[in-house]
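Working notes, structure below.
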Amino acid sequence: MADLTSNLAGIVSPNPFWLASAPPTNSGYQVQRAFEAGWGGAVWKTLGEPIINSTSRFAAVSFNGQRVAGFNNIELISDRPLDVNLREIEETKKRFPDHAIIASLMVEPKQEKWHEIVKKVEAVGVDGLELNFGCPHGMAERGMGAASGQVPALVESQTYWVKEVAQTPVIVKLTPNITDITATAEAAVSGGADAISLINTINSLASVDIHTWNTVPNVDGLGTHGGYCGPAVKPIALHMLGECARNDLVTVPISGIGGISNWQNVVEFMLMGSTTIQVCTAAMHHGFRIVEDMIDGLSNYLDEKGIESVSELIGRSVPKYSDWGNVNLNHQVVARIQTDTCINCNKCQIACEDTAHQCISRYKDASGASYLAVNEEECVGCNLCSIVCPVEGAIEMVPIANGLPTLSWNDRQHAINTLQTSSYMGGK
Ligand SMILES: Cc1cc2nc3c(=O)[nH]c(=O)nc-3n(C[C@H](O)[C@H](O)[C@H](O)COP(=O)(O)O)c2cc1C
Ligand code: SF4
Ligand code: SF4
């Protein structure tokens with residue numbers, strides 16, 4: 001069996017599966033039960049000034065029968081007293097010395113406030129700190145969370161203040177509510193961060209009740225923007241992870257978060273550069289035991305691939321993630337319909353006819369049976385027909401050998417510029 005031991009900037013855990021800072025990590029009771037279930041680490045629900053929460057505070061987006069496709073909350077940081085949390089962290093660490101306990105922290109952007117809380121939580125034996133510069137609601141209105149996390153200079157200075165006193169590794173958790181997440185990732189590194197984690201939740205409004213006209217959730221009739229997470233945010237998280245992982249200035253390891261629900265998602269995040277992964281919504285939806293499938297799935301996958309340690313997986317897809325300017329514009333694929341598996345539902349024809357390139361037509365064979373075929377001369381290989389097709393494998397996207405050399409936009413521009421320069425030189 002492959003070795004799942006993980007090491008994120010010196011924080012060692014028996015496997016890469018951590019619970020994200022959120023309701024599942026709100027108490028010693030929960031974190032201890034999670035460790036018993038198999039989770040390798042937990043980022044404790046964010047500690048900070050005493051907070052009063054609202055009721056209600058959660059909403060979910062269900063789509064086409066899928067419950068909790070997306071999840072939205074207006075919850076704040078821990079509303080349990082700091083000394084209670086610290087006592088429970090200490091007890092939990094003593095019971096589970098080999099598991100990773102990371103304290104998530106959020107205070108006002110003041111040096112002495114950061115020094116004070118870092119010293120307090122490190123005194124109870126945490127393995128690391130995670131700075132919450134991501135919470136988009138409530139705290140942000142008081143200059144904390146995303147209000148700090150959207151300003152690279154504030155991320156850098158507060159990370160620096162923490163590093164002035166921290167004895168354990170410091171992870172900076174980033175907000176996705178920013179145009180370019182690499183700006184704050186780079187700022188965290190400049191401030192001395194040992195690792196970064198991403199993403200926190202995305203600004204959102206889950207829904208509006210069309211009968212009462214209230215937004216959902218609402219507190220006594222008044223709603224506010226909340227943070228979005230769960231399966232729906234996974235593509236956004238993966239993109240931001242990839243942007244950070246391929247950035248030369250982001251030289252620290254990454255803990256990936258956002259919509260991770262199963263072992264396949266875990267593999268994707270690790271291939272895209274995550275050293276550990278964190279889960280919140282899937283644990284809230286299905287309970288702690290989902291980690292069993294994640295452990296089994298990841299172990300089997302590594303064994304099947306002949307990979308001995310999970311660390312060998314990290315970042316393997318990053319070199320395959322680039323700018324559009326580098327993709328081969330001469331590469332060609334076309335759609336090909338497999339008539340033996342096609343159920344003649346016509347969805348592909350409608351999609352191509354109405355919204356793509358009008359190149360799927362219906363024909364009759366020698367026996368008079370009707371079938372669909374693609375005019376490959378006209379097909380631009382956009383994938384739409386295969387995406388809408390309800391039958392796995394009924395439409396294959398087939399590469400076509402067109403004899404053209406590899407040519408990207410950047411190659412093309414380079415060739416044009418070189419030509420212009422040489423003809424200019426020749427003309428002289
Ligand atoms: C109800 C709720 C409360 C959360 N509270 C915190 C928090 O206190 N600190 C924090 O850093 N992130 C908090 N988060 C964000 C999660 O840690 C995580 O970044 C986000 O949910 C994305 O992961 P997911 O898609 O697996 O849920 C919270 C998320 C939810 C749903
Ligand atoms: S790949 Fe796009 S263009 Fe080609 S047949 Fe399918 S929908 Fe039409
Ligand atoms: S969508 Fe798929 S199953 Fe339906 S007609 Fe097209 S190829 Fe056949």
> Would you call Tyr363 over 30 Å from His239 (Cα atoms), within 15 Å of ligand 3 (Cβ to nearest atom) and open to solvent by 70 Å² or more (accessible area, probe 1.4 Å)?
Replying inline: yes
> What are the residue pairs meeting all of these: first residue in segment 99-119, first residue closer than 13 Å to Glu164 by Cα and away from ligand 2 (no atom under 16 Å from the Cβ), second residue in a helix (DSSP H, G or I) and open to solvent by 10 Å² or more (accessible area, probe 1.4 Å), Cβ atoms under 6 Å, and 6 or more apart or on different chains?
Replying inline: Gln111/Trp161; Trp114/Trp161; His115/Val165; Val118/Val165
> Looking at (1) touching a Ser or Thr at 6+ places or on another chain (Cβ under 6 Å); (2) closer than 29 Å to Val68 by Cα, can you tell me which one Asn328 breaks?
Replying inline: (2)
>> I'd like to know if segment 358-372 contains one or more residues that are over 17 Å from Thr339 (Cα atoms) and either within 14 Å of ligand 2 (Cβ to nearest atom) or touching a strand residue (DSSP E or B) at 6+ places or on another chain (Cβ under 8 Å) (or both).
In response: yes
> Any idea which of Pro176, Pro235 is over 23 Å from Ala100 (Cα atoms) and either within 16 Å of ligand 2 (Cβ to nearest atom) or not in a loop (DSSP other than H, G, I, E, B) (or both)?
Replying inline: Pro235
> Looking only at residues in segment 57-116 that are open to solvent by less than 60 Å² (accessible area, probe 1.4 Å) and aromatic (Phe, Trp, Tyr), which one is nearest to ligand 1 (Cβ to nearest atom)?
Replying inline: Phe71
>> Condition (residue is within 15 Å of ligand 2 (Cβ to nearest atom) and among the aromatic types (Phe, Trp, Tyr)) applied to segment 411-428: is it met by at least one residue?
In response: no
>> Let me confirm something: among Val12, Val43, which residue is within 19 Å of the chain's Cα centre (by Cα), in a strand (DSSP E or B) and modelled with pLDDT of 95 or more?
In response: Val43
> Is there a residue in segment 294-305 that is among the polar types (S, T, N, Q) and more than 29 Å from Glu186 (Cα to Cα)?
Replying inline: yes
> With respect to Val318, is the statement that it is open to solvent by less than 40 Å² (accessible area, probe 1.4 Å) and within 16 Å of ligand 3 (Cβ to nearest atom) true?
Replying inline: no
>> Six or more apart or on different chains, Cβ atoms under 7 Å: show the pairs whose first residue is in segment 225-251 and on the phi > 0 side of the Ramachandran plot and whose second is more than 16 Å from ligand 2 (Cβ to nearest atom).
In response: Gly230/Val68; Gly230/Ala69; Gly230/Gly70; Gly230/Phe71; Gly230/Gly259; Gly230/Thr281
> Does segment 1-56 hold any residues that are closer than 30 Å to Gly221 by Cα, open to solvent by 50 Å² or more (accessible area, probe 1.4 Å) and in contact (Cβ under 8 Å) with a residue 60 or more places away in the chain, and which are they?
Replying inline: Thr55, Ser56
> In segment 334-357, what count of residues is obtained for those that are within 30 Å of Asn410 (Cα to Cα) and either polar (S, T, N, Q) or more than 8 Å from ligand 2 (Cβ to nearest atom) (or both)?
Replying inline: 1
>> With the requirement that a residue be surrounded by fewer than 16 Cβ atoms within 10 Å (Cβ to Cβ) and either modelled with pLDDT under 95 or not hydroxyl-bearing (Ser, Thr, Tyr) (or both), what does segment 298-315 give you?
In response: Asn300, Asp303, Glu304, Lys305, Gly306, Ile307, Glu308, Glu312
>> Need pairs with beta-carbon distance below 6 Å; first residue more than 13 Å from Trp263 (Cβ to Cβ) and assigned to a strand (DSSP E or B) and within segment 277-289, second among the hydroxyl-bearing types (Ser, Thr, Tyr) and open to solvent by less than 70 Å² (accessible area, probe 1.4 Å); sequence gap 6+ or separate chains.
In response: Gln278/Ser255
>> Testing Thr175 on (1) surrounded by fewer than 22 Cβ atoms within 10 Å (Cβ to Cβ); (2) touching a residue at least 12 places away in the same chain (Cβ under 8 Å), one condition comes back false. Which one is that?
In response: (1)
> If you take the residues of segment 176-195 that are touching a Leu at 6+ places or on another chain (Cβ under 8 Å) and polar (S, T, N, Q), which of them is farthest from Ala147 (Cα to Cα)?
Replying inline: Thr182
> Mind checking which pairs have a first residue in segment 388-403 that is open to solvent by 80 Å² or more (accessible area, probe 1.4 Å) and a second that is within 6 Å of ligand 3 (Cβ to nearest atom) and assigned to a strand (DSSP E or B), Cβ under 9 Å, 6 or more apart or different chains?
Replying inline: Glu396/Ile337
> Taking into account only those residues within segment 248-267 that are assigned to a loop (DSSP other than H, G, I, E, B) and not small (Gly, Ala, Ser), which is surrounded by the fewest Cβ atoms within 10 Å (Cβ to Cβ)?
Replying inline: Asp248
>> Looking at segment 117-140 only, could you name the residues that are buried (at least 18 other Cβ atoms within 10 Å of the Cβ), over 13 Å from Ile11 (Cβ atoms) and in contact with a helix residue (DSSP H, G or I) (Cβ under 7 Å, 6 or more places away or on another chain)?
In response: Val118, Val121, Val124, Leu131, Phe133, Gly134, Cys135, Pro136, Ala140
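The values are calculated or read from the model by the stated rules, or taken from the named source; none is laboratory data. In this text the structure is predicted, and so the values were computed from the model without any measurement. In this analysis, Cβ positions are derived from the backbone assuming ideal geometry, glycine residues included, and neighbour counts consider all displayed protein chains. Note: areas computed on protein heavy atoms with side chains; ligands, DNA, RNA excluded. Shrake-Rupley method; radii C 1.70, N 1.55, O 1.52, S 1.80 Å.
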